[in-house]
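Below is one structure; the comments refer to it alone.
The values are calculated or read from the model by the stated rules, or taken from the named source; none is laboratory data. All values reported here derive from a predicted model rather than from experimental measurement. Positions of Cβ are backbone-derived with ideal geometry, glycine not excepted, and every protein chain shown enters the neighbour counts. What goes into the accessible areas is simple: the full protein's heavy atoms, side chains included, and nothing from ligands, DNA or RNA. Shrake-Rupley method; radii C 1.70, N 1.55, O 1.52, S 1.80 Å.
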Amino acid sequence: MIQLREFANEPCFSSRSRSLAEQIADAVRSRTTPLSQLLRLMSAVDAQGGDASLKQLLRTRIGAPLDA
């Protein structure tokens, strides 16, 4: 079982360490990324001008079944 505490101490995104595209790629690849983090990443994409390809990746992952 995933403990929420594990995610509470980790920043959902940080422009200092990795690019937004890298963070999205990691979040999409990981099947344990919480929906709330995916939505925060979507907000970050919107704040930076709304890259259509990154938004599509997130939308696809958000809508994907957990066992996919």
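Given a Förster distance of 22 angstrom, what is the FRET efficiency for residue 59 paired with residue 21, based on the Cβ-Cβ distance and rounded to 0.05?
Working: r = 15 Å, r/R0 = 0.69.
Computed FRET efficiency for residue 59 and residue 21: 0.90.
Ranked by solvent-accessible area (1.4 Å probe, protein heavy atoms only, all chains present), the residues 24, 62 order from largest to smallest as 62, 24. In this rough spin-label picture, where each label sits 7 Å from Cα along the Cβ direction, the residue 32-residue 51 distance is 2.5 nm.
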